[in-house]
Amino acid sequence: MARIIDLTDLAGAYATRLFAEEGHEVIRIEDAAGDKLRSLPPFLGEIQDLEHGAYHQFLNAGKKSLTLNLGSPAGQKIFLELLSQSDALVADDLLPLEDRLLFEANPKLVVAKIQDQEPELCAVARSGLMSLTGHPGQAPAILGAHVPYLAVGVYVAVATAAAFLTSRKTGKGSIATVSVREALESFVEQAMVEYSFSGKVTERRGSKGAITAISGALPCKNGHWVISQIHRPGRWTKFMDWVQDAELISDPSLAEEENQHKRRDFIMDRLDKWAARFTKTELVEEAQRRRFPASPVSTPLDLIDDPQLIARGFLKEIDHPEFGRIRFPEGAIASLLGTELTPAPRLGEHNTAILTQLGYSAYDRETLIAAGVV
């Protein structure tokens, strides 16, 4: 297994979390005040400190924490010593040391750099993604829960893994660069392709689908559910066999995709009234039985008791030192490989173990602490 040094912010922390799920040793470098993830709300148990942040608890699970003052010469020396015994560094673009020094310390080192010059809100807006989210006729909206930046983490993980593969084949180190802006722009690809082929501009539709006419989130008896009635020959007739709406059935022209797009708001309004009689479970199970793509709009409370996530091991009961016995999202890779993630580390929890492994004695460590290096 590899040792990976983590010097990332929100856009890269999920990437290193995925490597922790694979069983790699991930060491997160932080300053004495803790990284930004520790201070990012919401906080669990309503305790606003460096250990109870929800993002910290999820994204830093399975990692180790080393507090290190990278602005000091002694801190930089320890950092380079650590890199000499590591396989990869995943970091934001503004590193405290020149690339030359990194590769002098370890010629086979893989370095993944994340280019992120703009605040998250500006990056999402510039990418074009925000133009697609929100309700028609209203201001664009940003996706909640920092989802765009967490999705960028997948690109960072793929880039790092590709650099790993190249390094193992060549025996040389390499640098992989991931642009947050370009990664976000890739999520707008379908809208760009649609315009290139048809000349149609994809518009904000709120909870309704923008590409497929009969798609979107619909209200029902106990929340919302999502349906995507993809146009295929005979599918509209089968859909009407289920819905049994007299007004929709009375217009045979709606079987044509072009007419579905022209009257999609009318169709979706009729479906709103029909779905209000059922629960989301009833609707989704019947849709699946009839082979229509559908899903419940799950709340966090729904997910924590989701039998599928529990059965597949994505959610696993653990004894957490802060929160007791809880169901914790181990993650898809961890559940597949059987990796048991340790809870997110306390700030500087692994200082002693890591410094000892690097050859620093108890006296050395006390001297470093007194000097504000660790």
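Read-outs throughout are calculated quantities, based only on the coordinates presented, and are distinct from any laboratory measurement. Keep in mind that this is a model prediction, so the values were computed, not measured. In this analysis, Cβ positions are derived from the backbone assuming ideal geometry, glycine residues included, and neighbour counts consider all displayed protein chains.
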Task: Percent of Cα pairs exceeding the 21 Å cut-off, where the set is the stretch 143-217 - done: 50 percent
- [ ] Pairs to check: Lys238/Lys273; Lys63/Lys108; Lys64/Lys316; Lys113/Lys316. Give those whose C-alpha atoms are more than 28 Å from each other in this structure.
- [x] Lys113/Lys316
Task: Principal axis box of the stretch 228-306, alpha-carbon based, largest edge first, Å - done: 44, 23, 19
- [ ] For the stretch 109-245, just the Cα atoms, rotate onto the principal axes and tell me the three extents in Å, largest first.
- [x] 65, 37, 34
Task: Summed side-chain charge close to Ala334 - residues other than Ala334 whose Cβ falls under 15 Å, Lys, Arg +1, Asp, Glu -1 - done: -1
Task: DSSP bridge orientation in the stretch 80-235 - percent antiparallel, rounded to nearest 5 - done: 40 percent
Open item on the list: For a bin width of 5 Å, list the pair-distance distribution of the stretch 263-329 built from all Cα-Cα distances, rounded to whole %.
Closed with: 4, 14, 15, 19, 16, 9, 9, 7, 5, 2, 1, 0
Task: Cα gyration tensor of the stretch 316-374 - equivalent ellipsoid semi-axes, whole Å, descending - done: 33, 14, 8
Task: Where the Cα pairs of the stretch 178-254 fall when distances are cut into 5 Å bins, in % - done: 3, 11, 15, 19, 18, 14, 10, 5, 3, 2, 0
Open item on the list: Give me the net charge for the shell around Asp93: Cβ to Cβ below 9 angstrom, other residues only, Lys and Arg +1, Asp and Glu -1.
Closed with: -1
Task: log₁₀ of I(q)/I(0) at q = 0.10, 0.15 Å⁻¹ - the chain, Debye sum with one point per alpha carbon - done: -0.78, -1.34
TODO: Using a Gaussian network model of the chain whose springs link C-alpha atoms within less than 10 Å, name the residue from Met268, Met192, Met240 with the highest mean-square fluctuation.
DONE: Met240
- [ ] Taking amide H positions as placed in the peptide plane 1.01 Å from N, state which residues far from Cys220 in sequence (5 or more) or on other chains have amide H under 5 Å from it.
- [x] Trp225
TODO: Looking at the chain, send over the antiparallel percent of its DSSP beta bridges, to the nearest 5.
DONE: 45 percent
Open item on the list: Can you tell me the convex hull volume per residue for the stretch 119-179, based on C-alpha atoms, in Å³ to the nearest whole number?
Closed with: 85 Å³
Open item on the list: Tell me which DSSP H helices of the chain clear both cut-offs, 20 Å or more of axial length from alpha-carbon atoms and a mean Kyte-Doolittle hydropathy of at least -0.5.
Closed with: 147-170
Task: Selected from Gln48, Gln357, Gln85 as most flexible by GNM, with the chain as the system and alpha-carbon contacts under 10 Å - done: Gln357
- [ ] Take the eigenvalues of the Cα gyration tensor for the stretch 1-52, scale each by 5, and report the square roots as semi-axes in whole Å, largest first.
- [x] 23, 12, 10
TODO: Please report the relative contact order for the stretch 60-147, taking Cα pairs under 8 Å with a sequence separation of at least 6, and give it as a percent rounded to a whole number.
DONE: 20 percent
TODO: Two decimals is fine: what is log10 I(q)/I(0) at q = 0.09, 0.12, 0.17 Å⁻¹ for the stretch 168-324, from a Debye sum with one equal scatterer on every Cα and no solvent?
DONE: -0.47, -0.72, -1.08
Task: Environment charge of Ser298, counting only residues whose C-beta is closer than 13 Å and scoring Lys/Arg +1, Asp/Glu -1 - done: -2
